[in-house]
Amino acid sequence: RGVDNMSVVDIDSPPAKSTAKNLVYKTRRSFETGVTKSLTFRKKQLNNLLKFLKDYEDDICTAMYKDLRKSRHESLVTEIEFAANGVRHLLANLDEFSKPEKAEKDLAYFFDDLYIHKDPYGVVLVIGAWNYPLSLCLGPLAGAIAAGNAVILKPSELAPEVSLLLDTYLNKYLDKECYPVYVGGVAETSELLEEKFDYIFFTGSTNTGKIVYKAANRYLTPVTLELGGKSPVYIDDNVDIFITAKRILWAKLTNVGQTCVAPDYILCSKTTQEKIIKACEQVLKEMLPNGARESQDYGRIISKRHFRRLVNLLQNQKVAIGGAIDEKDLFIEPTILTDVSINDDVMKEEIFGPILPIVNVNNVDEAISFINSREKPLALYVFSKTRKITELFLEKTSSGGVCINDCLMHITPHSLPFGGVGASGMGMYHGKYSFDTFVHKKGVMLRNFHALPEKLQSLRYPPFTKTKTNM
Ligand code: NAD
């Protein structure tokens, strides 16, 4: 496995001690050779990335299982295929995306050419999170490669098997000098953040996002922050309750709720609460016929720390469904809580696990004010058959994205930007946005030396006679 991947860059640098400083230095030298800007080179790297995903499919699934007990199906769909799809889209459209864009012009610029030249930023730092340890690294990496940058990739230490796999094998496929992997935790990431980058793409928690933003501020480095938050679900009384339950539970069960856009809590009337609980019981029987613990399709919590954090959120709650836990196995059953108060701990922080609280609201206005009284979420889910109601949520709330009558699915089309707003992040990617994120759009005016335009433009030259001023 692997490809002929002798680096095309000859680095004449100090002996490579693998410190963050050294690595950034070397990567910058690689970028400065200009090699990453060649379209042929970029396409080769992206094709090699696809080959890596194919060659290491089984190893990736095994690593995912070890880190998160992810089923093979989930690893293939939400990690490998998801990443590969993004790369394929970039490859198919790279010529188009990278072309200079003609800019509109009015009569004043009749003799000029106006266009937008797309410049890669330079050396990009991509920092990944553990919950989708492959796709959250390779998605931004592919965008940055496509745009012509050099990249240092820092996977999450909390998914050590996937991190090791990326560290060991990715550079058999990608140019080692232009796209190195740097593994490590907080200390190593902090070291990297001391250095100057031309762009930082971070995925992780809002708190760490603030640390990254502060570090970027030192060099005025532009950033994308893909953060988290509590994504609400509003359920109207008029929905098809069974389909609604199925879609919400599928989204919550995916990666055991450890998904940045997982439905975090439900807002609905008391009547709908009764109906959704019954529907959820039925759906869970269908999806996990032998129970969650026995199911090969149901994962585990990432760490003891997160397990304990989640169990604490269950204290003094009314459990309508589930509630079983097993610390040795890091297992938490899909759990639905009813009649939750807005002041409960479970409503204060992002849950990031298989716990789904239901908060009762009397009407749409109450639901909207509730959402607006909190930080802007990464996703908002509205289930309703009434267009007027879904429009109300669109107009009166702010969130990274919205999915109406389903959950998670809005992050899949290449044509939709994915990103947060406010506390859930800044910037966006996916599809063409993955390319655009990593280029500086340089405005270019091209003029000529012809006599007529020169004469028409001559008003700007001093001396500023009265005639010139009055024209
Ligand atoms: P995290 O913030 O703990 O870690 C993310 C990355 O930052 C890791 O690579 C880690 O090594 C590094 N890091 C952690 N603490 C640091 C520090 N003090 N200084 C420097 N670097 C540090 O996040 P996580 O636990 O890996 O991921 C879960 C969070 O990420 C959730 O809030 C989730 O919603 C969010 N998330 C967002 C998206 C998105 O696309 N918006 C996707 C996945 C996860």
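Might you work out the accessible area of Glu366 for me, using a 1.4 Å probe with all protein chains in place, and round it to the nearest 10 Å²?
70
First measure r as the distance between the Cβ atoms of Ala103 and Ser398, then evaluate 1/(1 + (r/R0)^6) with R0 = 22 Å and state the FRET efficiency to the nearest 0.05.
Plugging the Cβ-Cβ distance into 1/(1 + (r/R0)^6) gives 0.15.
List the residues whose amide H sits under 5 Å from the amide H of Val151, counting only those 5 or more places along or on another chain, with H placed 1.01 Å from N in the peptide plane.
So Val151 has HN proximity to Val124, Tyr179.
What shape does the stretch 276-329 take by its C-alpha gyration tensor, where a ≥ b ≥ c are the square roots of the eigenvalues and a/c under 1.5 counts as rounded, a/b above b/c as prolate, and the rest as oblate?
Because a/c hits 1.5 or more and a/b fails to exceed b/c, the stretch 276-329 counts as oblate.
Using a 1.4 Å probe on the protein heavy atoms only, what accessible surface does Tyr115 show? Give it in Å² to the nearest 10.
70
Got a sec? Charge dipole of the stretch 66-154, +1 on Cβ for Lys and Arg, -1 for Asp and Glu; which of Tyr121, Thr78, Leu90 is way out at the positive end?
Sorting the options by dipole projection puts first Thr78.
Points 7 angstrom from Cα along the Cβ direction at Thr386 and Glu96: gap in nanometres?
4.0
For the stretch 235-299, divide the Cα radius of gyration by the Kirkwood radius and give the resulting Rg/Rh value with two decimals.
Using Cα coordinates only, the ratio equals 0.98.
Count neighbours as other Cβ atoms within 10 Å of each site's Cβ, and list the chymotrypsin sites (Phe, Trp or Tyr not before Pro) in the stretch 340-398 that are DSSP loop with at most 14 such neighbours.
Counting only loop positions with at most 14 other Cβ atoms within 10 Å, none of the chymotrypsin sites (Phe, Trp or Tyr not before Pro) in the stretch 340-398 qualifies.
Computed FRET efficiency, Cβ-Cβ of Asn47 and Asp167, R0 22 Å: what is it to the nearest 0.05?
For R0 = 22 Å, the calculated efficiency reads 0.55.
Given a 1.4 Å probe and heavy atoms of the protein chains only, how would you sort Asp106, Asp119, largest accessible area at the top?
Asp106, Asp119
Relative to the longest principal axis of the C-alpha atoms of the chain, give the angle of the C-alpha long axis of helix 57-68, reported between 0 and 90° and rounded to the nearest 10°.
Taking the Cα atoms of the chain, the angle to 57-68 is about 60 degrees.
Using +1 at the C-beta of Lys and Arg and -1 at the C-beta of Asp and Glu, which of Thr62, Ala215, Thr272 has the Cα lying farthest in the positive direction of the dipole of the chain?
Towards the positive end, the residue furthest out is Ala215.
Pop a pseudo-label 7 angstrom from the Cα along the beta-carbon direction at both Arg218 and Thr62 and give the gap in nm to one decimal.
Using points 7 Å along Cα→Cβ, the separation is 4.0 nm.
Run the numbers on the chain and let me know its relative contact order in percent, using alpha-carbon pairs under 8 Å that are six or more apart.
18
Hey, can you find the accessible area per residue of the stretch 265-331 for me, probe 1.4 Å, expressed in square angstrom?
55
Helix 241-253 versus the longest principal axis of the chain: what angle, 0 to 90°, nearest 10, using Cα atoms?
It works out to around 70 degrees.
Write down the accessible area per residue of the stretch 385-471 in Å², having rolled a 1.4 Å probe over the full set of protein chains.
Accessible area per residue, the stretch 385-471: 64 Å².
Which distance in Å, rounded to a whole number, links the C-alpha centroids of the stretch 279-337 and the stretch 390-460?
40
Using only the Cα atoms of the chain, build the gyration tensor, take square roots of its eigenvalues as a ≥ b ≥ c, and label the shape rounded, prolate or oblate: rounded if a/c is under 1.5, else prolate if a/b is larger than b/c, else oblate.
oblate
Under unit Cβ charges (Lys, Arg +1; Asp, Glu -1), what dipole magnitude, rounded to 20 debye, does the chain have relative to its Cα centre?
Dipole about the Cα centre, nearest 20: 1140 debye.
For an R0 of 22 angstrom, estimate the FRET efficiency from the Cβ-Cβ distance between Asp113 and Lys455 and round to the nearest 0.05.
With R0 = 22 Å, the Cβ-Cβ based efficiency is 0.70.
Going by alpha carbons, how many degrees (0 to 90, nearest 10) lie between the helix axis of 160-169 and the longest principal axis of the chain?
Orientation of helix 160-169: about 30 degrees from the principal axis.
In square angstrom, rounded to the nearest 10, how much accessible surface does Trp250 have for a 1.4 Å probe?
100
Please give the peptides 220-232, 62-74 ranked by average Cβ packing (other Cβ atoms within 10 Å per residue), highest first, as a rough proxy for protection.
Top of the packing list down: 220-232, 62-74.
If I model a spin label as a point 7 Å beyond the Cα along the Cα-Cβ vector, how far apart are those points for Met471 and Thr412 in nm?
Between Met471 and Thr412, the label points sit 6.2 nm apart.
If I stretch the segment between Asn238 and Arg1 completely, what's the gain in nm (0.36 nm per residue apart, minus their alpha carbon distance), one decimal?
79.9 nm
How much of the accessible area of the chain, probe 1.4 Å, is carbon plus sulfur, in whole percent?
The computed percentage sits at 55.
Any of Lys51/Lys441; Lys21/Lys154; Lys246/Lys432; Lys21/Lys99; Lys210/Lys376 with alpha carbons more than 22 Å apart? Name them for me.
Lys51/Lys441; Lys246/Lys432; Lys21/Lys99
Rounded, prolate or oblate, given the Cα gyration tensor of the stretch 253-404, with a/c below 1.5 counting as rounded?
prolate
Could you point to the residue in Thr244, Phe202, Pro263 farthest towards the positive end of the stretch 199-326's charge dipole, with +1 and -1 charges on the Cβ of Lys/Arg and Asp/Glu respectively?
Farthest towards the positive pole: Phe202.
When only Cα pairs under 8 Å and 6 or more residues apart are kept, what is the percent relative contact order across the stretch 67-206?
26
The values are calculated or read from the model by the stated rules, or taken from the named source; none is laboratory data. Since we're looking at a predicted model, the values are computed, not measured. Every residue, glycine among them, receives a Cβ derived from its backbone with ideal geometry; neighbour counts consider all protein chains shown. Only protein heavy atoms, including side chains, enter the accessible area calculation; ligands, DNA and RNA are left aside. Shrake-Rupley method; radii C 1.70, N 1.55, O 1.52, S 1.80 Å.
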